[in-house]
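One structure is given here, and the rest of the page talks about it.
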Amino acid sequence: MTNTRVGVLMGGPSAEYSVSMASGAMVMDALNTFNDLTVEAVIIHENGVWEKTRDVPREAMQPGAMRHPVAPRHRVLDGLRLLESMDAAFIALHGSFGEDGTLQAVLETLHLPYTGSGPLASALAMNKHRAKELFQWHRLPLAAEFYIPRITGDTVDQMIPQIESRLGYPLVVKPNEGGSSVGIHMAPDRDALREALRQNVAYGRPLLIEKKLAGRELTCAVLEELDGSVKPLPVIEIVPHAGNFFDFASKYANQGSDELCPAPIDNRTTRRIQDLAVRAHQILGCRGFSRADFILTHDGPYLLEVNTIPGMTPNSLLPKAAHAQGLPFPYLMRQLLDLAMTSAG
């Protein structure tokens, strides 16, 4: 029997380092149940240095202060050499570098099979504004938005009347690129909007301001089969407890939310959301799997965004939906790996 050498890539220089470490550890545990796989962790530390190990440090999974240093070029090249002995890479990184197409482009250059979407789809999904432009072209239902490429302290007060005129209140202020609900602010009025904008001045990052939609929070994952077919998984409803919406605390705190799978919605609405999730996956050109988030309003579901590398623990949303459909976590991880190997073959 051929032994496949798999590197589980985790960590990364983003605010989602601890979340990625948790995903990576769970992926390793799952893949280690298969005797024909040799699984190692490739940890990209917060200081940018790469390390290969069989044992993931569990303390690294705890949220902490996030830094964004740049490793010397020779240390990055040393890290890439750790992949030389690998037959495939399982990407368990979230956020910038790991989910935005950067790492995917590197792996393409190395001709190393990897899980998930390619560079272009990954970059598009991470850039919420660009993704929404594509979704709008295909007439998918979306919240109205105001995009700010760059904001400074001098332009905050100039922007507010323009935003109010286009969207009114309440609003959601979010980084245009990022995940795990990091940096999202609710703005019910002008004072809250001003404060949210000012808090983002120091980061110098593009912002997306959206009209806050009233409704139920739902998510629907999409999973590709080895025969190339694309199938939606059961819809999940999210009822947050730790925050006012499905924020970082609600996602990762103990009992931070209730996740109802399948969602208690009628069959017609379920089919509509599943169809939108598949269409969004295909419009962006995603591969393997993805997860689309929605708000269900009185007028129907509205698409919020698509995640190309959602959480990968047994309690994460995509694995939970797969389990509800009869695919336990270890076999889901194996299917994602087999899809990567098949796509490269």
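Every number here is computed from the coordinates shown, using simple stated rules; none is lab data. Just so we're clear, the structure is a prediction, and the values are computed from it rather than from any experiment. Note that we place each Cβ from the backbone using ideal geometry, even for glycine, and neighbour counts take in every protein chain shown.
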*On a 0 to 90 degree scale, rounded to 10, what angle separates helix 267-284 from the longest Cα axis of the chain?*
70 degrees
*So, in Å, what gap is there between the alpha-carbon centers of the range 85-104 and the range 1-61?*
11 Å
*Mean shadow of the range 108-172, computed from the convex hull of its alpha carbons, in nm²?*
7.1 nm²
*What translational diffusion coefficient, in µm²/s and rounded to a whole number, does the Stokes-Einstein relation yield for the range 145-211 at 4 °C and a viscosity of 1.567 mPa s, taking the hydrodynamic radius as the Kirkwood radius over Cα pairs?*
112 µm²/s
*asked:* Angle check, please: helix 17-31 long axis (alpha carbons) against the longest principal axis of the chain (alpha carbons), in degrees 0 to 90, nearest 10.
replied: 40 degrees
_Below 8 Å, C-alpha to C-alpha, sequence gap of six or more: please give me the relative contact order for the range 145-211 in percent._
52 percent
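Given charges of +1 on the Cβ of Lys and Arg and -1 on the Cβ of Asp and Glu, with all other atoms neutral, how large is the dipole of the chain about its Cα centre, in debye to the nearest 20? Display every interim value, and only then the final one.
On the way: 32 positive and 38 negative charges, 88 e Å.
The calculation lands at about 420 debye.
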_Name the residue from Gln162, Pro149, Leu107 whose Cα lies farthest towards the positive end of the charge dipole of the range 86-162, charges +1 on Cβ of Lys and Arg and -1 on Cβ of Asp and Glu._
Gln162
*Net charge dipole size for the range 277-345 [Lys, Arg +1 and Asp, Glu -1 on Cβ; Debye, nearest 20]*: 180 debye
*In Å and from the alpha-carbon atoms only, list the Rg and Dmax of the range 4-114.*
13.0, 38
*May I ask for the angle, rounded to the nearest 10°, between helix 190-201 and the longest principal axis of the chain, with both axes built from Cα atoms and the value confined to 0 to 90°?*
40 degrees
_P(r) histogram, all alpha-carbon pairs of the range 103-224 included - 5 Å bins from 0, percent_ = 2, 10, 17, 20, 18, 13, 9, 6, 3, 1, 0
*What value, in deg cm²/dmol to 500, does the helix sum -39500 (n - 2.57) over DSSP H runs of n ≥ 4 give at 222 nm once divided by the residues of the chain?*
-10500 deg cm²/dmol
*Could you pull the Rg and Dmax for the chain, using just the Cα atoms, both in Å?*
19.8, 66
